[in-house]
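Worksheet: the structure to be examined is printed underneath.
The values are calculated or read from the model by the stated rules, or taken from the named source; none is laboratory data. Just so it is clear, the model here is predicted, and its values are computed rather than measured. Ideal geometry is used to build each Cβ from the backbone, glycine not excepted, and the neighbour counts take in all protein chains shown. Protein only, heavy atoms only, side chains kept; ligands, DNA and RNA dropped before computing areas. Shrake-Rupley method; radii C 1.70, N 1.55, O 1.52, S 1.80 Å.
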Amino acid sequence: MADAALKTSAAGDVAIRIEGLNKWYGEFHVLKNIDLQVAKGERIVICGPSGSGKSTLIRCINRLEQHQQGRIVVNGVELTDNLKNIDTIRSDVGMVFQHFNLFPHLSVLDNCTLAPIWVKKQPRAQAEATARRFLERVRIGEQAHKYPGQLSGGQQQRVAIARALCMNPSIMLFDEPTSALDPEMVKEVLDTMIDLAREGMTMLCVTHEMGFARAVADRVIFMDAGEIVEQNTPEAFFGNPQSERGRQFLSQIL
Ligand code: ADP
Ligand code: MG
């Protein structure tokens, strides 16, 4: 859907534009007047207490949840009821969840080729070549024939990242990708995400991993009770949060 307001000279540099976003679950006001603009290539970390609306916000960006008020525009396409727009946006936005969400009855390779073959109509040979390349990139190429249940949590999460990359997204959303992992597996997943960030991927990551945020985030967004309470560079936010709620949150996770 063409949008005259976005056809400014800067429009090409904007990956995600969220304006006046409000969402309710029934009576519960879960997202309150969210305004957020993400530039192409920008890396954003979203943190905040449990229940503050972080997952809901990023799930709205690829329409896993619907908003009731405001606008979400991804790469110049507005999210509305228009199914074509939703498909366009989903094919451009990869998502990685806390619990991997791999298909347990498919091999690692088939997990990675399913959507490219069935959604993007790629020939199997091409989809497999791409999948093997990304599996190599997340350092798991030798596991391609295995089933998810035969892998560790960290390996499964790296498969989930490779699977998302196989769709050639321009934006990656991560929802607490390391919080279900045993501590010794957190680093291998964060290292994969750091590689991706250094290659210039536009990323929104819900995570409380401060080391990751400090290494790659251009901006940290702190949410509480459905609002963006403050946003700043990782150094400024973690070093000297401006809000009382931010200070309280950091004192709990540090
Ligand atoms: P976070 O990811 O920051 O922990 P969520 O976005 O998951 O927060 O949830 C925000 C609030 O919305 C929570 O109070 C949660 O209980 C509520 N919530 C989340 N999903 C639903 C849903 N499908 N229906 C009703 N309430 C929900
Ligand atoms: Mg969440």
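Here MET210 meets each of (1) open to solvent by less than 40 Å² (accessible area, probe 1.4 Å); (2) more than 28 Å from PRO116 (Cα to Cα); (3) at pLDDT 95 or above with one exception, condition (3). Each residue in segment 48-84 was checked for being at pLDDT below 95 and polar (S, T, N, Q), and 3 pass. Give me the residue from segment 61-116 that is of a type in the set (Val, Ile, Thr) and within 16 Å of ligand 1 (Cβ to nearest atom) and, out of that set, nearest to ARG133 (Cα to Cα). This residue is VAL96. Looking only at segment 216-243, which residues are open to solvent by 10 Å² or more (accessible area, probe 1.4 Å), of a type outside the set (Val, Ile, Thr) and in contact (Cβ under 8 Å) with a residue 24 or more places away in the chain? Across segment 216-243, the qualifying residues are ALA217, ASP218, ARG219, ASP224, ALA225, GLU227, PHE238.
Residues in segment 34-60 that are within 16 Å of ligand 1 (Cβ to nearest atom) and assigned to a loop (DSSP other than H, G, I, E, B) were compared, and the one that is most open to solvent (accessible area, probe 1.4 Å) is SER50. When LEU109, LEU102 are screened for being out of contact with any strand residue (DSSP E or B) (no Cβ under 7 Å at 6 or more places or on another chain), in contact (Cβ under 8 Å) with a residue 12 or more places away in the chain, buried (at least 16 other Cβ atoms within 10 Å of the Cβ) and assigned to a loop (DSSP other than H, G, I, E, B), only LEU102 passes.
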